[in-house]
1. Taking the stated definitions as given, is residue 65 assigned to a loop (DSSP other than H, G, I, E, B), modelled with pLDDT of 85 or more and over 21 Å from residue 196 (Cβ atoms)?
2. Would you confirm, using the coordinates I've provided, whether residue 290 is more than 25 Å from residue 60 (Cα to Cα) and either hydrophobic (A, V, I, L, M, F, W, C) or surrounded by 13 or more Cβ atoms within 10 Å (Cβ to Cβ) (or both)?
3. Report every pair of residues separated by at least 6 positions or lying on different chains whose Cβ atoms are under 7 Å apart, first residue within segment 28-50 and in contact (Cβ under 8 Å) with a residue 24 or more places away in the chain and surrounded by 14 or more Cβ atoms within 10 Å (Cβ to Cβ), second assigned to a helix (DSSP H, G or I) and charged (D, E, K, R).
4. Can you go through 19, 46 and tell me which one is under 30 Å from residue 281 (Cα atoms) and at pLDDT 75 or above?
5. Scan the helices (runs of 4 or more DSSP H) fully inside segment 151-247 and keep the ones with 1 or more residues being closer than 30 Å to residue 115 by Cβ and in contact (Cβ under 8 Å) with a residue 60 or more places away in the chain.
6. In contact with a strand residue (DSSP E or B) (Cβ under 7 Å, 6 or more places away or on another chain) and not hydrophobic (A, V, I, L, M, F, W, C): which single residue out of 156, 175 fits that description?
7. From the set of residues in segment 51-76 that are closer than 22 Å to residue 285 by Cβ and among the basic types (Lys, Arg), which is surrounded by the most Cβ atoms within 10 Å (Cβ to Cβ)?
Amino acid sequence: MEKYIDIIKNSYSGYWNYLKYELIDLNHWDNYFYGLIAISLLVWILEIAFPWRKQQALFRKDFWLDTFYMFFNFFLLNLIILIALSNAVSTLFNDTLGLVGLSESKLQLFDSNDLPKWLGLLIFFFVSDFVQWNTHRLLHRSSWLWNFHKVHHSVKEMGFAAHLRYHWMEPVVYKSLLFIPLALIANYSSQDVAIVYFFSIAIGHLNHANLGWDYGFLKYIFNNPKMHIWHHAKGLPEHVRYGVNFGLTLSLWDYIFRTNFIPYDGRDIELGFEGDETFPKDFVSQELYPLKK
């Protein structure tokens with residue numbers, strides 16, 4: 001037990017030092033803090049230049065709440081819980097494997113270092129996205145998890161920052177279900193992870209942006225604003241009552257497993273969920289809502 005307490009303590013101090021380093025060091029391209037700002041500003045400029053809903057205000061409803069969520073979830077949440085939890089679980093997993101004479105390295109299907117860089121990144125990206133697609137479906141199918149996911153679906157006007165409005169429990173679920181699949185294909189460098197992460201963040205921002213794009217034939221591969229707007233639709237037919245268009249970065253899975261749904265141009269559809277009129281409007285109340293339920 002003492003070992004795990006030390007791991008948690010070191011995780012807090014280590015991530016705090018890392019976060020301070022990110023704020024002051026501009027000499028490495030995989031800087032997540034300024035990378036997030038750069039991507040956000042670029043997508044916001046695109047929203048301003050090519051607005052799909054022209055009547056929507058530049059500072060739309062809940063713009064500042066979503067901006068706070070964006071930085072809280074992307075950085076402070078890691079400091080509060082995720083890094084310490086991840087490191088503790090990783091150690092527990094390896095200790096458990098050790099009891100039966102195994103190690104994480106023995107479970108790996110291959111070493112990514114033995115593959116061409118582009119192939120290793122592609123496998124990492126596809127595995128991550130497919131697991132997250134399934135996890136996203138689970139958030140809609142489980143009534144318990146749906147109460148957490150409601151925070152994200154409480155968005156009433158779409159914009160890039162809505163991408164990172166989510167309850168702190170969501171990344172716990174995502175990372176937990178991702179842990180073993182990624183452990184089987186591990187040995188990726190921090191730069192490798194950054195490439196996939198920045199790409200995913202950019203696509204996610206675009207999906208939620210006030211843009212009327214579907215990327216032409218690429219819509220069958222990548223999620224897009226015209227597709228994702230229907231994921232946030234308040235009213236859906238009975239046969240898709242558990243949700244549609246679950247893709248995070250790739251729309252491919254929705255087309256393969258027939259969870260795609262774009263009946264018509266959804267530019268002006270109402271967003272939210274049934275009963276969202278009484279859903280809390282502020283950050284603290286939204287975070288506490290699922291716990292009360």
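1. no
2. Criteria met by residue 290.
3. Partner pairs satisfying both residue conditions: 32/22; 33/22.
4. Going through 19, 46 in turn, the sole match is 46.
5. So the answer is 169-183, 190-208.
6. 156
7. Selected residue: 60.
Residue by residue, here is whether (1) of a type in the set (Ser, Thr, Tyr); (2) over 16 Å from the mean Cα position of the chain (by Cα); (3) surrounded by 17 or more Cβ atoms within 10 Å (Cβ to Cβ); (4) closer than 17 Å to residue 129 by Cα holds:
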position: 191; (1), (2), (3), (4): no, yes, no, no
position: 196; (1), (2), (3), (4): no, no, yes, yes
position: 203; (1), (2), (3), (4): no, no, yes, yes
position: 230; (1), (2), (3), (4): no, yes, yes, no
position: 233; (1), (2), (3), (4): no, yes, yes, no
position: 241; (1), (2), (3), (4): no, yes, no, no
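The values are calculated or read from the model by the stated rules, or taken from the named source; none is laboratory data. Please read these numbers as outputs of a predicted model, since none were measured by experiment. Neighbour counts are summed over all protein chains in view; Cβ atoms, including those assigned to glycine, are modelled from backbone coordinates with ideal geometry.
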